[in-house]
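Written out below as structure tokens is the structure these notes cover.
Any read-out appearing in this document is the output of simple, stated calculations on the displayed coordinates, not a laboratory observation. Keep in mind that this is a model prediction, so the values were computed, not measured. No Cβ is skipped: glycine too gets one built from the backbone with ideal geometry, and neighbour counts run over all protein chains shown.
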Amino acid sequence: MVRNSKYKIAKEKYKKTPYIEPSQLGQLEIISPDTGVIAAKVGDTIHFKIKYNNTLSRLQINTNTNANPEVWKTIKEELIWDEKALAKQKYVDFLKRDDIYTFNYVVTDKNMRYIDVLFELNIVMKFKVAIIK
């Protein structure tokens, strides 16, 4: 019986952990939010604070309700840059102090379910969003 409760606690903790791209595990530490499941209302500002050991020049946030277009497309089985999609990319302003990056995101849609954070056009973190009424 004790074993099951241990595993149940571990499973619950795992479910609330944000996703970090495996290639970034040694480079990236999430300071806030302190959970991978963010409870927020429409209009709330989510404050992100991370420690990142590399240089960052382009940061983006995609959600299930508002995402940047894919920058790669396939033509005749060949993967190429989509220049039009690249021109439509929206970036998030951030502050950097030493190796600490801070940035914000305002919740604008009651149907939001997740947030993906991208560095240099690649997903590095994922958070679930639970909208509170």
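3J(HN,Hα) along segment 78-90: 10, 8, 9, 5, 9, 4, 5, 5, 4, 5, 8, 5, 10 Hz, from the Karplus curve 6.51 cos²θ - 1.76 cosθ + 1.60 with θ = phi - 60°, whole Hz, x for Gly and Pro. Close amide-amide hydrogen proximity is noted between Ile38 and Lys128, Val129, Ala130, each under 5 Å apart and 5 or more residues distant or on a separate chain (H modeled in the peptide plane; Pro and chain starts excluded). Using R0 = 35 Å, the C-beta based FRET efficiency linking Leu56 and Asp109 works out to 0.85.
Residues whose amide H comes within less than 5 Å of that of Met125, counting only those at least five positions distant or on another chain, are Glu21, Val117 (H built at 1.01 Å from N in the peptide plane).
Assuming R0 = 30 Å, can you tell me the calculated FRET efficiency for the pair Lys76 and Ser23, based on Cβ-Cβ distance, to the nearest 0.05? Before the final figure, lay out the partial values.
Values: r = 30 Å, r/R0 = 0.98.
Once the sixth-power term is evaluated, E becomes 0.50.
Cross-link partners among aspartates and glutamates for Lys88, C-alpha distance below 13 Å, same-chain residues fewer than 8 apart left out? By straight Cα distance, Lys88 reaches Glu70. Calculated mean residue ellipticity, 222 nm, the chain: -4000 deg cm²/dmol, from DSSP H runs (n ≥ 4) at -39500 (n - 2.57) each, averaged per residue and rounded to 500.
Once you keep just the Cα pairs under 8 angstrom separated by 6 or more residues, what percentage relative contact order results for the chain?
On the way: 231 pairs, mean separation 43.8, N = 133.
In percent, rounded to a whole number, it is 33.
Ignoring lysines fewer than eight residues from Lys13 along the same chain, the ones with Cα atoms less than 27 angstrom from its Cα are Lys41, Lys49, Lys51, Lys110, Lys126, Lys128, Lys133. For the chain, excluding the exposed loop sites themselves (GluC sites (Glu not before Pro), DSSP loop, at most 13 other Cβ atoms within 10 Å), the longest remaining stretch covers 1-69.
Between the Cα long axis of helix 2-15 and the first principal axis of the chain there is an angle of about 30°, rounded to the nearest 10.
A simple spin-label model places the labels of Ala39 and Ile123 2.6 nm from each other, with each point 7 Å out along Cα-to-Cβ. Can you tell which of Ile75, Ser23, Leu56 lies farthest toward the positive end of the dipole of the chain, using +1 and -1 charges on the Cβ of basic and acidic side chains (Lys, Arg; Asp, Glu)? The residue sitting farthest along the positive end of the dipole is Ser23. When P(r) over Cα pairs in 10 Å bins from 0, in percent is computed from the coordinates, the matching label among (1) 13, 48, 34, 6, 0; (2) 11, 36, 32, 16, 5, 1; (3) 9, 20, 25, 19, 13, 8, 4, 2, 1, 0 is (2).
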